[in-house]
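Below is one structure; the comments refer to it alone.
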Amino acid sequence: MNGWQRFALLILCCFTVMVLYPDFGTPGWTFIGIVMAMWTGVIMILSIISNLFGLYRLETFNKLITFVLLCGIMYSLLWYFPQEDKVTPINKIKYGEIPTKADMERGLKRFTFNFDFVRRNARRKENFINQDLDGDKVKKEIKKKISDTTDEIVESIDLPVE
């Protein structure tokens, strides 16, 4: 693997841990930023050393370095990733609290974006994705709004009658 593939592996590991353990706040984002910067530096140093000594040609050694890198990344994420309940993910796994489907859904929801700008109300915290709308009622409201607007336009135009 080259440096870009190892960097993609780093991003994948961070994303996976953030999805599986979504109970992190602002310290979690800061921690992920620091971990990404630190491991990116390690990946860059490994790439420079690998290119300097020609180690990139040794397939088995390259796989071993990638495996050790993966273990190091996951170790740092699972042992030190901050959670709101002050229990690290590795301790949760140790005591039998494995991530559930609901945890994964909450984790994925943190990375989604609400694209429904028309019906979104900024004061409410609800997500309007996949909402059920009454099509006939919406059509009637649109027709009423259009007819009101056209009536106002017609009334505002004073044309002389011949």
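With all protein chains present and a 1.4 Å probe, how do TRP79, TRP29, TRP39 order by accessible area, largest first? Spell out each step's value before the answer.
On the way: TRP79 95, TRP29 120, TRP39 35 Å².
Descending accessible area places them as TRP29, TRP79, TRP39.
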Subject >> Calculated from backbone phi, Karplus (6.51, -1.76, 1.60) coupling profile of the stretch 32-47 in Hz, x at Gly/Pro >> reply: 4, x, 5, 4, 4, 5, 5, 6, 5, x, 4, 5, 5, 5, 4, 5
**OP:** Report the local net charge at PRO99: Lys and Arg +1, Asp and Glu -1, summed over other residues whose C-beta lies under 12 Å from its C-beta.
**Re:** -1
Original post:
Simple spin-label model, 7 Å along Cα-to-Cβ: THR40 to ILE157 in nm?
Top reply: 5.9
Original post:
For the stretch 100-108, what does the Karplus curve 6.51 cos²θ - 1.76 cosθ + 1.60, with θ = phi - 60°, yield as ³J(HN,Hα) per residue in whole Hz, taken in order and with x for Gly and Pro?
Top reply: 9, 5, 5, 4, 5, 5, 5, x, 5
Subject >> Separation in nanometres of the label points that stand 7 Å from Cα toward Cβ, at THR60 and THR30 >> reply: 4.6
**OP:** May I ask you to evaluate 6.51 cos²θ - 1.76 cosθ + 1.60, the Karplus curve with θ = phi - 60°, for each residue of the stretch 9-18 and list the ³J(HN,Hα) values in order in whole Hz, giving x for glycine and proline?
**Re:** 5, 4, 4, 4, 5, 4, 4, 4, 5, 5
Subject >> Residues LYS86 and LEU52, FRET efficiency given R0 of 35 Å [Cβ-Cβ distance, rounded to 0.05] >> reply: 0.25
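The values are calculated or read from the model by the stated rules, or taken from the named source; none is laboratory data. Note that the coordinates shown come from a computational prediction; the quantities given were computed from them, not determined experimentally. Neighbour counts are summed over all protein chains in view; Cβ atoms, including those assigned to glycine, are modelled from backbone coordinates with ideal geometry. The accessibility values were calculated without ligands, DNA or RNA, using every heavy atom of the protein model including side chains. Shrake-Rupley method; radii C 1.70, N 1.55, O 1.52, S 1.80 Å.
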